[in-house]
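Shown next, in C-alpha cells, is the structure this report addresses.
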Amino acid sequence: MKRKLLTGVSIAALMFAACKKNPVETLPIVYPAMAEVVDPPVLFTTTSGVKVYNGGFGSGIAVDANDPNVFYMLTDRGSNVAGQIANSIIIGKPDFDPQIGKFRLKDGKLVLEQVIELKNQAGAKLNGLPNPIGMGASGETAYDLNGSLIAPSADGIDSEGLVRAADGSFWVSDEYGPHIVHFDANGKTIERINPFGTGTGGRKIPAVFANRRANRGMEGLAITPDGKTLVGIMQSPMYNPSKTLVANSTVLRILTFDIASGATKQYVYLMDNITLTGVSDIVAVNSTTFLTIERDGLYGGAPTNPAAFKKVFKIDLSNATDISDAANGATGKLYGDKTVEELNNLTGLQGAGITPVTKTLVLDLLKDLPTMYPHDKAEGLALLPGNILVISNDDDFGVVDNGNSGFMTKTLPFTNKVDGNKLYFVKLK
C-alpha cells in the first residue's frame, strides 16, 4: 500500500492564544520529534531490588484543545506478571488506582502537572483488579506479591482508550468488560456502560461484545470532532462463538456510540494478519475518517527477533456495512450460520455481502521516523492541528515478567535503557 506522509525532526503546528478582549491570535509552536516524561517516581521496589515506576502512562493519549502544550496520558491496570498457576496473575500493587496524568511539554520534555485518579460514582478510587463473573471477568485469578489471593472487584478497570470531551470530561474504554466509562474532569464516574447491564445509568453496548477475548477488549477509543459520537475498536478478533472457531480470523469490530441517544452501529475492520497483537488505538480525523495503529508485540531494533509491524492506517467508515444485530443476540448478527468473526477474511466477508472499512497505510513507525522506534508497545494516538500525529508508548511501569512470576527491569534492546513514556510527533501529509 502506498504511504502518504511527511516527517521531520522538528514539526510546526499552530498554538491558539486568546484573551478576553482581543481576537484570537496564532503563534507558531515547534514540536520535537520525541519528548520523554522526566523523572517518573518509583512506585515501589521489589524484594529483589527491581524498581517499578509510575510510569505506565501511554495506554491512551488525548490533547487539550485550549493548550497545545498539554497532553493527557492514561495508565492501564498497573504492573502485573503471569503467575505459575494457569490463568493466574501477580498484581504488583493491588491498591494501584488507574489514572490520567496531565503532562506539559516544556523544553522538549514532558512534565507531570496533575494526576487525575479514576473513581467510582461514590468517589472511591477504582483499581486494576479483574472484575467478578457477570461484570466483565477476564478469567484471571489474582494474587499479590506475597502469594495471597486477591478477590475480584466491581471497581476494577483495565483502562486503555482515552478521549477528552469539550467540557473537560473524559471517556475511557477498557479491556475487561469491555466497559466504556464517562468521568468528570476530576476523575469521578458519571456513567459506566458495558454489555452486561451492570454499569450505571442503565445503558448498554451490544451483547456480542461480551465475547471479547480476555484482556483484548476495547483497546482504542475516539470521539468525532462534533463531540457527538464515540468510536471504539476491539484489539483482536473476539472469541465469537469460540476461540477455536476464530483461530484464523482477522475480523475486528468497530463500535459507534451516539452519546445522546445510546444508539450504536458496528463495522468490520480487517487486521493485517493473525500474528499481530492487534489494534492499539483509534483517533478521529472527521466524522467518518479515522487513524488506527496496528502492531506486533516485539521491540524495534532488537538484535534478534526485531519488531516487523507497527503501522498507522487511515480508515473510512463511509461505505462499510453496518453489521448490527437488531435482535441483540449473544453472538451478534449471523451470516448463514456463522458469526462475522468466523468469516475470517476479506473473501469470507465478500461472500456474505459485507464491506469492511477501507484501510490505507499512512505511516510505518519502523521505517518512517528519523530514528529507530525502540519500543514494543505503540499504544496511543492523538491528532494536533496541522495534521500532526502524536504517538504514545506503554512502558509497563518500567518492568516485565521475568518468567518466574516476578518482575525484572524492562530494558529496550536497541538503546539498552529502561523503557519510559515518550511521545513521538509526526507531520502527516
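Read-outs throughout are calculated quantities, based only on the coordinates presented, and are distinct from any laboratory measurement. This structure is a prediction, so every number in the text was calculated from the model and none was measured. Positions of Cβ are generated from backbone atoms using ideal geometry, with glycine treated the same way; all protein chains shown enter the neighbour counts.
Per-structure values
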quantity: Glu191, Glu342 arranged by Cβ crowding within 10 Å, fewest neighbours leading; calculated: Glu191, Glu342
quantity: Between the range 220-294 and the range 144-186, the Cα center-to-center distance that results, in Å; calculated: 18 Å
quantity: Neighbour net charge for Phe407 - beta-carbon separation under 14 angstrom, K R +1, D E -1; calculated: -2
quantity: Point-charge dipole on Cβ atoms (K/R +1, D/E -1) for the range 297-429, about Cα centre, debye to 20; calculated: 560 debye
quantity: Dipole of the chain, positive direction: furthest Cα of Pro94, Ala33, Ala142, with charges on the beta-carbon; calculated: Ala33
quantity: Debye-sum result for the chain in log10 I(q)/I(0), which assumes one identical scatterer on each alpha carbon, at q = 0.09, 0.10, 0.12, 0.13 Å⁻¹; calculated: -0.52, -0.66, -0.98, -1.17
quantity: Per-residue HN-Hα couplings for the range 146-156 [Karplus 6.51, -1.76, 1.60; θ = phi - 60°; Hz; x = Gly/Pro]; calculated: 8, x, 7, 5, 10, 6, x, 9, 5, 8, x
quantity: Note, ³J(HN,Hα) from phi for the range 83-96, Karplus 6.51, -1.76, 1.60, rounded to Hz, x at Gly and Pro; calculated: x, 6, 7, 3, 6, 9, 9, 9, 8, x, 9, x, 8, 4
quantity: log₁₀ of I(q)/I(0) at q = 0.10, 0.11, 0.22 Å⁻¹ - the range 129-224, Debye sum with one point per alpha carbon; calculated: -0.27, -0.32, -1.10
quantity: Under-5 Å amide H pairs with Ser59, H placed in peptide plane, nonlocal only; calculated: Leu74, Asp76
quantity: Note, ³J(HN,Hα) from phi for the range 323-332, Karplus 6.51, -1.76, 1.60, rounded to Hz, x at Gly and Pro; calculated: 9, 4, 9, 4, 7, 6, x, 5, 10, x
quantity: Inter-probe distance in nm under a simple model that places probes 7 Å from Cα toward Cβ, at Thr415 and Thr355; calculated: 4.4 nm
quantity: Amide H contacts under 5 Å for Ala154, placed H, 5+ residues apart; calculated: none
quantity: Electrostatic dipole magnitude of the chain [Cβ: Lys, Arg +1; Asp, Glu -1; Cα centre; debye, to 20]; calculated: 760 debye
quantity: Calculated FRET efficiency for the pair Asp364/Asp184, C-beta based, R₀ 41 Å, to 0.05; calculated: 0.60
quantity: Residue-span extension gain [Lys109 to Asn404] - 0.36 nm each, minus C-alpha spacing; calculated: 102.7 nm
